[in-house]
Amino acid sequence: MSILAITFLRPELLLLLLLLPLLWFLPRRLEDLGQGLLRTLLFGLLILALAGPVQIHESAVEHQVLILDQGPSVTDGDRQASADLLRQVLSSMRKGSHKSLIVLADDPLSMTAKDRRRFARVQTVSSSSSLATVLEQASRLIPEGSKGAVTLMSDGLSTGREWGAALQALTARGLPLHTVALTSVSTPRITGVEIPGVIRVGHKAVLHVRVRARQARLRLKLYSRDPELQKRGRPGEVAGRSDGRSDGRSDGRSDGGSASEQQVLAMSEEILVQGESLVPLEFTPKEAGFLQLELRAETSGGSTVGARSPGSGLRRDLSIAVQDPIRLLYLGGRLQGGSEEMSKLLGPGFALTETSQGEAIPDLESMDLVLLDDVGEKQIPAPFQERLVQAVTREGLGLCMSGGRNSFGPGGWQKSPVAKMLPVDLAQKEEKKDPSTALAIIIDTSGSMGGNRIILAKEVSRLAIRRLLPHDKVGIVEFYGTKHWAAPLQSAANAIEIQRALNRLDAGGGTILFPAVQEAYYGLRNVQTRYKHVLILTDAGVESGPYEQLLRKMSRDGIRVSTVLVGPGRHSEFLVELADWGKGRYYNASDRFNLPEVLLKQPSSSRLPAYRPGPIELELSGGPGWWGGPRPETLPALDGYVEARVRQGSEVLIKTRSEGHPVLASWRYGLGRVTTLTTEPVGPGSRSLDSWSGYGAFLGRVLARTARDRSVPFRFEARRQGARVEIQALAQERGVGRPAIWRLDADDQPVALRFHETAPGTFLCRFTASESAALRFLLAQARFPELRQRLVLAQDSDRQPEMQIDPDAGLDLARASLATGGEHLGLASLESFTAPTGGGTRPLALRDYAPWALLLALLVLLLEILWRRLPSRPQAL
Amino acid sequence: MSLLALSLPLFLLGIPVLAFLLFSLHRLRIRHQRMEVVTTLFWQEAIEEARARVLVQRFRHPLVYAFLLLISLLLWSGFSDPRLASDPKAQSLILVEGARVHQGSTPEDALAAVQDLLSEMPSEGRSVIWCGARERTLLASGEHAALLEARWQKLEPQATPSHLAAIVGRLARQQRETPLATRLPLHLILVGTETLPKDLLSRLPRDMSVQRLEVEPRSTRAAIELVALGMAPASSGAWNRVDLLLRLRAALANPKSPPRLELAGSPVTASPSHRVEDGVDRYLFTDLPAEGQLLQVFAGGSKMALGSILLPKRRVLQVQVEEGLPPELLAVLEADPGLRLVDSRPDVRIGTSTVTDGVPHLWLDPKSREPVFRFTQTEGSRGETSLRRRFGSLGLDGIDAEDPDVDGAGAAKSGSQGVQVRVDIRDGSRRSIQMPLALLGHGYNFVQSRVFPLFFAQALRWLTAVEEAPRRVAAGEILRGDPSARTDAQGVRLDPVGASFYLPRAGLYQRADGAVLAASLLSPMDDSERAVLPPLQLDSAGSSSMLFWITLLALLALVAEWILVRTGRMP
């Protein structure tokens, strides 16, 4: 049926028109034509009315929807004024327009019955409803294709921000949004809380709280709403370790730990807020899980007026997820009980896994940080070292090497694959050892040694003397029938004297060797050198004697006797025997081209110890990220450290004052970070640091900064849009596979959900849940489902209490009007505002003709009665 | 009760007028009729009746008068169009699925079913809403049901995912937020869907119910469903390339030919890797050229594109670096495949001087000692949020300052304390970034941090307004963090006014600067456990049209009157 044509709602009843001719015959034949026609018309009209004749036509009727914000964020004056102006606004609108009213208020608007009747519809919604909600409702009140307009009287502060779709819908329909700006109250308020980074058990957490006020002195307090944290995520398993030791890490503030409903976790100083301020609040969670907190802003004087209800600007409920401790793989060596000590020192922020020698080392992908503590290179298998390098470089694993006498250089790490990752060079000094030697050269200068032989003997002597160092001793005994010290035993440094003595030697005389050997023996016996040698150079034409007894005695006294047969040709068994008895060697110097190298000693080298015992004064550097605040002026002196040298590009936080050797250094290596501490963290070298109350916290902070940036290689974002919940996971590295997700139900049991891949490396999990439920999730990498990260989405997280909305983040009313083709005006101009309409692409209305048919039928009835009663021509009786 | 056509005073005035008219007519003498009589005993009456020249008679036959008056009043009441009490005791919303996918019936069948339903319901308190790309009220409360068909014409299921669950959720929230004093029970009747998420249904307010209207016959699901269409920077590392993920679900288990891609109208010849996961075909195309072209997906031999996505235009930025800057900075810039160091005509400049000549500039302030990254941006509060998100994830505030108060020899001044680096964002007319040159020095660990190369990569692209294109653009969803106004395919400029832009349906959307987005109809991927809705059980109050009954009564009365008049029993 087309528009503008008349249509019938019950067309089947038109069949009754076929019965109309019966009027002329029943119950009696009708002769009065006029009456018959009138009666036919009458019944015909009634039948038409029964069939429901209607006409759909284009209508000029306008639909006006007024939205009146009477919420607590609007000043009392403007609320009253806008309500009072309603009547004038209605009067200014075109007559006959269809008017509806939506009031944002917690109580119905007070109106007279007459004013209420002027509206076709009056709805009241809670003042905590968002402007998006009421704009959608307003749009719904205007039928499709009709002309209309929406007029919004509000301060623009909306509890929900997603008004885009509603405004776009109005624009698409051509419906203008007229806006009237009301004034909002300027009470102090908390407008936002930012949590940078991850909150982890045992580590300091920082909340950045945004507060806004015209001018107010405020103190912020953070309360725990749970008597104790709920342990979530691993049923039947302890999520973290509690530390009963007071460690001063909380900067003197109470960190909770005992059951108390309203325990203060953190408190700020009193601050003067003029405009907007960002206030940090720090606290250290003691257990992993989901934490319910309450944030309050107290005005000056301790007043919490206005802070009683969650809807006030000065109180906010928070739900936060506290992650599991950092997983630390402890590989210790020399120090007994090192891991226990370390665990106690670091507290609940670290979960230590220790591997004893011989045990399989856990997969590094399940760890955030590896600590090699005073362990030698040989104790760590080479394949593991290679794996460690790969894990640090390509996977972002953190590595810390610490220790004393069994680590770094002394531990033999210099040539290991790990060494190149360290921010320090491993210094290891070696000492070359050249032991002292005393040499007595006995030269045969008998007549048989004449000619070339004596020359050869001198050459061999010179060669032997040349190897000696200044701390060695040398003497020359000649025998030619008698014995004689050509050069008495003296330092080899007196080379000139010795050479002269050698040069003076000349062959001549007899050969009596034995006394010369005795002389040499007596000369060497009292000399204090490491080695003692006697070198006999002869042509072997010597006398016999009790040489064996003498030489054996000499060798027992540490004096070795070697012999050199000088001259060509023959072999001398006698000289061989002398060398045997004297535990020396036999040489043969047959000519100047075959002069023997007489070995008198073997130089050696040994490692000097790199561990420096203390006390060692320290010098500090580095920023508050390492130190957790202002850097201390000084620290107690160390009791020992391992000497090392800084590599260029590394950051040195602690060094020795005297020589500038690095004690604590760190740098980025590949995707990971490597830190070195050249002393035992819990051993004798750092014993003095026990007196420093901040030691545990400092070490924890250093290790935390060294550890992997994130346990699960995805960045997760959770959000709500009404009933729809979605969690997006963005892979931070390549090849990490899929993420996994579980939602915790009311009984804290994990229920698996699914991520769907939406783009390479991007995953989405989406489901529908009521806005009034807080949602808790566990997220992981699918390959390692036991390594989970917590995530919480508070109930109504897409809404903010009205009194906590940042005025700068409200709806820009003027811009909203501009975007939709409406007008933006103030209260003062509202009285004569006519609210021009728009849209009306196909404004339809229905005209019902049935009543008109009935009116016509009534007139016809009256006419028919008149016809029956009108006087006629007189008739004869 | 109310009167639609007449005001009450006018109606009441009409009654005595009618009565008087009828009285006057009733006083008129009845016309004579020739009648044969069998006796002359009626002469007296005959003489009485035959009295000449008398127009009126005395009032006689009061019952007849009353009967005629009753009929007249019925007709008069009918004309005033009375209605029964119009204050509804409950609200009924009929929500009709307007999304293209998962249509359980044809629009014509749905219309017929809804019209039948409307005939059983009073017009007050009930509305019919079409839930397509946006909600359309096809029948407002109190409107005649006949308007429905006229407004329903030309409505076709739209390229948008189903929003019924979200709408039910929103209505539930609105119901909860309505003060009890003014709240009416809310009944939702869904047309075109059988199930809703169980969790949602279990948390409905007590005075709210959801039922479904059975509609026959059923149509089949779409042959091929586009589950996912998204892109990401190429895993090969090539700057001007992207990888594309395509996931398809086919309703019929037939040998499927791989999907066909066209880039700016030309076929894409790259062969994707393929695997099947949970019945969904997954295709990964790698190293597609990122030149700002429209990529369309065709499947199943269809000539109509199943979806489309605009690939980003990833050009290499020309960067001019001032002489004398730290070598670490140069190393980082040279290692970025999306940057090229040039000596002239740069897209962006890095240096210590403040002369910008219009070229976007990253200023390394040699004099400043305050460890602050200062960003000047032009997009107001939403721009600030977007900026904080872009740079906040880098962890700039984790950079350590050893001590800002160092003297020339590097020794800390007494009483000084180390601080952490801050990020400061302010509004301005042009984008700029300012940071102290000292941040690249030994007093800070910025250069050693993981953030260092990432910061410059992001900063230079932000300065030149190179945006990271959204990886996925889906109809019926909002573009997180993007408040830009855009013009849709119908030429309507849609401005979210500071909120995230909403993509009502599949198609192209263009920004004022010419940037285009292509939204596709993608599977909503909602894995919520669903519950079957109970079928509608009408507690029929029937139509409130009294007019029909009054007319019928009047007709019957007039039939009786006619019979009485024609048989002479009534004058």
Just to be sure I follow the rule: in segment A:437-604, considering lysines 8 or more places apart or on different chains, how many pairs have Cα atoms under 14 Å apart? 7
Would you tally the net charge around B:G507, using a Cβ to Cβ cut-off of less than 15 Å, leaving B:G507 out, and scoring K and R as +1, D and E as -1? +3
Qualifying trypsin sites (Lys or Arg not before Pro) for segment B:452-494 [loop in DSSP, other Cβ within 10 Å: at most 15]: B:R480
Taking chain A and counting helices only, DSSP H stretches of n ≥ 4 at -39,500 (n - 2.57) each over all residues, the nearest-500 ellipticity at 222 nm comes to -6500 deg cm²/dmol
D (µm²/s, integer) via Stokes-Einstein for segment A:714-793, Kirkwood Rh across alpha-carbon pairs, 25 °C, 0.890 mPa s: value 191 µm²/s
For segment A:672-726, convex hull of alpha carbons as volume per residue, Å³: 112 Å³
Taking max minus min of the Cα coordinates of segment A:427-516 on each principal axis, largest first, gives extents in Å of 61, 25, 20
Rounded FRET efficiency, nearest 0.05, which uses the C-beta distance separating A:A5 from B:R345 and R0 of 60 Å: 0.30
B:E323 versus B:V17: modelled label distance in nm, points set 7 Å from Cα along the beta carbon direction: 10.3 nm
Length gained, B:A238-B:L556, 0.36 nm per residue minus C-alpha separation, equals 105.7 nm
Long-range alpha-carbon pairs in the protein assembly as shown, meaning those over 52 Å apart, account in percent for 52 percent
Net charge of neighbours whose Cβ lies under 13 Å from the Cβ of B:A166, counting Lys and Arg as +1 and Asp and Glu as -1: -3
Where in chain A are the DSSP H helices whose C-alpha atoms run 20 Å or more along the long axis and whose mean Kyte hydropathy is at least 0.0? A:33-51, A:452-466, A:850-869
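No value in this document is a laboratory result; all are computed from the given coordinates. Note that the coordinates shown come from a computational prediction; the quantities given were computed from them, not determined experimentally. Cβ: placed from backbone, ideal geometry, glycine included. Neighbour counts: every protein chain shown.
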